[in-house]
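Asks: Before anything else, here's the structure in question.
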Protein chains: 2
Amino acid sequence: MSMKIAIVGAGAIGSYYGAFLARAGEEVHFLMRRDLEAVRRNGLTISGTGGEFHLPSVRAHASTAEIGECDLVIVAVKTTVNADLLKLLPPLLGAHTQLLTLQNGLGNEDFLFRHFGERTVLGGLCFVCLNRIAPGAVENYGHGTITLGALRPEGNEKARAAAHMFSRAGIDCKFTESLMEARWRKLVWNIPFNGLSIAGGEITTDIILREEGLLQETRGLMRETIAAARALGYAIEDGYDDFQIKRTHEMGAYRPSSLIDFQEKRPVEVEAIWGEPYRAAERARCEAPRLGLLYHLLAGYERRRGHGTG
Amino acid sequence: MSMKIAIVGAGAIGSYYGAFLARAGEEVHFLMRRDLEAVRRNGLTISGTGGEFHLPSVRAHASTAEIGECDLVIVAVKTTVNADLLKLLPPLLGAHTQLLTLQNGLGNEDFLFRHFGERTVLGGLCFVCLNRIAPGAVENYGHGTITLGALRPEGNEKARAAAHMFSRAGIDCKFTESLMEARWRKLVWNIPFNGLSIAGGEITTDIILREEGLLQETRGLMRETIAAARALGYAIEDGYDDFQIKRTHEMGAYRPSSLIDFQEKRPVEVEAIWGEPYRAAERARCEAPRLGLLYHLLAGYERRRGHGTG
């Protein structure tokens, strides 16, 4: 009864959730590059407040051809290398293989649907803070909730089943009937805070909240995002911006994930977090001038750092 | 027949234009701080394509009280220290003293008018590239044109006379009946290029033009600036944005003055170039969201560098 699962992109997110599923008895295959030898030798180690355990023996692979056809493919690569999936995924895919992206931002489900769409496409939003502290070792800070849903309503049953599988494995996973609305709600936070934390000059969220001008721009960016989401049919309620700002006050001097990527010289997921929402707003004929400026500033930083943006 | 003139703020701009006026026989008094002793000892030296000469003996002063009442006060301090003028100027002012600001951006004439407005307030836009290469030594690159006008129509005659005085001294100076329109026209360039050159990650104008996204934002910022200017009654013609962009292509890898200030760790004139125009747009009920975001980003950088913004 166990599922054959491929984890494509065994960074922190892929290793963490894959390790839970493997511990629960699923047949989990990890596609690895950098950590392959270390994980073959020593397995995977999960530590932190959201679970501590060691898997001494892990199915780690150098290629997807080695893994072969799966029941479920979990995509956890950075969105900046999505184009690589066109070559990576085919060996994993049979007619009934399900695809689940745990990536950030907008456009990832659409990408999978566009290229592999005869299959069920699911998406999950991960609310978790992870850190790869050594090859094959992931530290977590707080439990990693997932909100999981299907791109299209006919996938809801499979999304529910996937959410159950995660829950059985010890992960707090909630099924949602409105995956895209959940993505837009997350963007209401990510667009201003991840963006201003970089473009503002490498600053934490408390500074954004403290400076009147930047708080005003945070609200402006949230309004533009909510307006775009509503134009696309996602019913985000009045006051959601206030709720997000209030919540952020409680986070203290928080370093958004994109700022961490930027400061660690890793690619920032510019297209997934700003580019796709900006283009979606344009298509919906919603003005989003602040989002556009922020997007183009960030895309320029990344281009000049020699990174792709997605 | 010579005029008694005080130059308040003898940085590069003040020293350069003051030296021309002194050479022409006007009684020019320089308020100096950093360069006072050097200039008292060695005078002023102007070099470069826009004029080469040495003034061995210069009236350099440590305080405006030492200078006393003048016919004309030329204000050339950085706009970021405008508040200091409230203490500096009074000793120079009689009932008929004229005030001329050669400062950047918007709001400087209004500031003088608000505090010393029973007198004639003039303004000049300097199109010049200057560099203080040593105490009392200013290098110029190309001739320094001034566009000079009065804040209010009743000052036009005095503005014309002041423009003549500069012309007689060998400076290409044009009188304008629409000083504020000239200021807004200059802002159509300064707002995008000075701003994006800093917020874009310390980049020159050729890079802004080369990156499609930043060029799009340049046009967006120009449109917002032109719309605000028009709402305030200044008739900027269609195609002025194209004209400015075309002109910028010819400038090559140009480093806008604000970027130079930023990189040399000097205060950036954030309020004069972005803050005042943004507030003027708001008062005119013009949406200027890109200008707002750019302004608040720049103000944040400056605040965190420990600089006032104006």
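Asks: State the number of residues belonging to region A:129-146 that are open to solvent by 70 Å² or more (accessible area, probe 1.4 Å), more than 20 Å from A:Thr79 (Cβ to Cβ) and in a strand (DSSP E or B).
Replies: Matching residues across region A:129-146 total 1.
Asks: Filter region B:160-174 for residues that are in a loop (DSSP other than H, G, I, E, B) and over 19 Å from the mean Cα position of the chain (by Cα) and give the result.
Replies: Passing the criteria: B:Ala169, B:Gly170.
Asks: Taking the options B:Glu177, B:Glu157, B:Glu181, name whichever one is open to solvent by 10 Å² or more (accessible area, probe 1.4 Å), under 16 Å from the mean Cα position of the chain (by Cα) and away from chain A (no Cβ under 14 Å).
Replies: Just a single option satisfies the conditions, and that option is B:Glu181.
Asks: Turning to a different aspect of this structure: Does at least one position in region B:104-117 carry a residue that is over 23 Å from B:Ser178 (Cα atoms) and touching a Phe, Trp or Tyr at 6+ places or on another chain (Cβ under 9 Å)?
Replies: No, region B:104-117 contains no residue that is over 23 Å from B:Ser178 (Cα atoms) and touching a Phe, Trp or Tyr at 6+ places or on another chain (Cβ under 9 Å).
Asks: Moving to a separate point now. Looking at (1) part of a strand (DSSP E or B); (2) without any contact (Cβ under 8 Å) to a residue 40 or more places away in the chain; (3) open to solvent by 20 Å² or more (accessible area, probe 1.4 Å), which is the only condition A:Gly149 fails?
Replies: (3)
Yes/no per residue for (1) under 11 Å from A:Ala134 (Cα atoms); (2) not small (Gly, Ala, Ser):
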{"residue": "A:Ala12", "(1), (2)": "yes, no"}
{"residue": "A:Ser15", "(1), (2)": "no, no"}
{"residue": "A:Ala19", "(1), (2)": "no, no"}
{"residue": "A:Arg23", "(1), (2)": "no, yes"}
{"residue": "A:Val28", "(1), (2)": "no, yes"}
{"residue": "A:Glu37", "(1), (2)": "no, yes"}
{"residue": "A:Arg40", "(1), (2)": "no, yes"}
{"residue": "A:Gly43", "(1), (2)": "no, no"}
{"residue": "A:Ser47", "(1), (2)": "no, no"}
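The values are calculated or read from the model by the stated rules, or taken from the named source; none is laboratory data. This is a predicted model, so every value here is computed, not measured. Heads up, the Cβs are rebuilt from the backbone with ideal geometry, glycines too, and the neighbour counts pull from every protein chain shown. Ligands, DNA and RNA are excluded from the accessible area calculation, which covers all protein heavy atoms including side chains. Shrake-Rupley method; radii C 1.70, N 1.55, O 1.52, S 1.80 Å.
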